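Input: a single structure, listed below in structure tokens.
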Amino acid sequence: MYTPDDLKLAKKLLEHSIELKEGENVMLQLIGLNGIGLIRALAEETRNRNAHPFIKLEDPETNRILLENGDDAFWQNQAITDQLPLMKQMNAFIGIRGAENIYENSNVSSEANKAYSDKFLNPVHFEERVNNTKWAVLRYPSAAFAMNAKMPTERFRTFYYDACLFDYNRLHEAMKPLEERLRKTGIIRLEGVGTDIEFSVEGQNWIPCYGKRNIPDGELFSSPILDSVNGQITYAPSVYQGKPFEYVKLIVKNGVVIDFDSSNNQALEEILNTDEGARRFGEFSFGLNPIIREPMYDILFDEKIYGSNHLTLGKDYEIAPNGNSSSIHWDLVCIGANVYFDGKLVREGRNFIADDLLGLNIDKLTAP
């Protein structure tokens, strides 16, 4: 029916992530049947808490057909007829991404992706679900997922549950000195191979993430002052809208991407041309999960990589806004850059060197 690990994860999601209460409505969405055991565990545990599960099972290949053939009118009708009214009745949401082919949507056109984002994804998820429910999203392990991570399948399953079931309360305590420093910081600079970029975060809000919205988790994010970003930044491998990128390099002036290079420049240019906000940045974050150490072509893991940062193209979050509006939100990850706060080095490579931040290093977070 389901594994003991699935039951542990289901309990963590319901108790820690969304703090489900008796009588509440929760949407349990699974894309790809690979995670059906976790859905079963979640459904059973939800009813054990006298709460109400609403199950949505989706097939990735069918979703691709809809994406390829959808337009503004189609997605607007999908939103207002089905998903948006239901989401408005939810107290909580858990989304499980169990699809095995990360390139399933690689042939979907930029116009079709934009229609989906503008008329469905933004109103249903970014505006309603993100702002008005207790929510969490996660991937589910598979042989294909293990292959992307370059691990044997069973070793990957162990890694997956170690990362997802990490002691996030411990991580939250370790984050607090970094959050305190960031709230007093004006200028952040990243400097590394192919990267030398700086921007202002003065007065911005900072949000610690410790298992309440993503599983696995472990980041501390805000957004840069919109027109303050200047320099160049080189990112690790990424997949966005089903399109793979072995690297992405951006040249930025006064907050706008003015030049770029990548392993797939045609696809990158299409993404950057989505709208005006697609060439600007809506988020900056520190990756802090000590279990996740290498990129695996999955942003829910990669954005949490220990010793990383992501400077995100596109839409900001209302909880930490900078005024950028876009149909895209692409969390591109830079790993191992030196980090300076107002000219002072606080992280060298992937290790913090400031005395009050040493608790965020691997040896401290994973110590017995």
Pairs, first within 19 Å of residue 239 (Cα to Cα) and free of Cβ contacts under 8 Å to residues at least 24 places away in the same chain in segment 251-269, second surrounded by 17 or more Cβ atoms within 10 Å (Cβ to Cβ) and charged (D, E, K, R), C-beta under 7 Å, six or more apart: 264/243
Can you confirm whether segment 334-349 contains a residue that is closer than 30 Å to residue 110 by Cα and either buried (at least 20 other Cβ atoms within 10 Å of the Cβ) or hydrophobic (A, V, I, L, M, F, W, C) (or both)? yes
Which condition does residue 55 not pass, out of (1) hydrophobic (A, V, I, L, M, F, W, C); (2) in a helix (DSSP H, G or I); (3) surrounded by fewer than 18 Cβ atoms within 10 Å (Cβ to Cβ), if it passes all the others? (2)
Only one of 185, 153 is free of Cβ contacts under 8 Å to residues at least 60 places away in the same chain and either under 23 Å from residue 215 (Cα atoms) or among the polar types (S, T, N, Q) (or both); which? 153
Among the residues of segment 223-231, are any touching a strand residue (DSSP E or B) at 6+ places or on another chain (Cβ under 9 Å), in a strand (DSSP E or B), crowded, with 21+ Cβ neighbours inside 10 Å and not charged (D, E, K, R)? no
Quick one: which residue in 21, 12 is outside any loop (DSSP other than H, G, I, E, B), over 30 Å from residue 113 (Cβ atoms) and in contact (Cβ under 8 Å) with a residue 12 or more places away in the chain? 12
Can you report the number of residues in segment 58-100 which are more than 26 Å from residue 12 (Cα to Cα) and either outside any helix (DSSP H, G or I) or not assigned by TED's automatic domain parsing to the domain that holds residue 130 (or both)? 2
If you check residue 211 against the conditions, is it outside the structural domain of residue 19 (by TED's automatic domain parsing), out of contact with any strand residue (DSSP E or B) (no Cβ under 6 Å at 6 or more places or on another chain), buried (at least 22 other Cβ atoms within 10 Å of the Cβ) and not in a strand (DSSP E or B)? yes
Give the residues of segment 311-330 that are out of contact with any Gly (no Cβ under 7 Å at 6 or more places or on another chain) and crowded, with 23+ Cβ neighbours inside 10 Å, sorted by residue number. 311, 313
Pairs only if they're at least six apart or on different chains, beta carbon under 6 angstrom, first in segment 101-120 and without any contact (Cβ under 8 Å) to a residue 12 or more places away in the chain, second among the hydroxyl-bearing types (Ser, Thr, Tyr); list them, first residue then second. none
Just to verify a result, which residue in segment 97-129, among those that are within 15 Å of residue 328 (Cα to Cα) and among the hydrophobic types (A, V, I, L, M, F, W, C), is modelled with the lowest pLDDT? 126
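The rows are residues; the columns are (1) at pLDDT 95 or above; (2) not hydroxyl-bearing (Ser, Thr, Tyr); (3) not assigned by TED's automatic domain parsing to the domain that holds residue 178.
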| site | (1), (2), (3) |
| --- | --- |
| 232 | yes, yes, no |
| 243 | no, yes, no |
| 262 | yes, no, no |
| 276 | yes, yes, no |
Among 73, 79, which is the only one that is among the aliphatic types (A, V, I, L, M), closer than 21 Å to residue 326 by Cα, surrounded by fewer than 16 Cβ atoms within 10 Å (Cβ to Cβ) and out of contact with any Asp or Glu (no Cβ under 6 Å at 6 or more places or on another chain)? 73
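The values are calculated or read from the model by the stated rules, or taken from the named source; none is laboratory data. What you are looking at is a predicted structure, and each value in this text was computed from that prediction instead of being measured. Neighbour counts run over all protein chains shown; Cβ positions are idealised from the backbone, glycine included.
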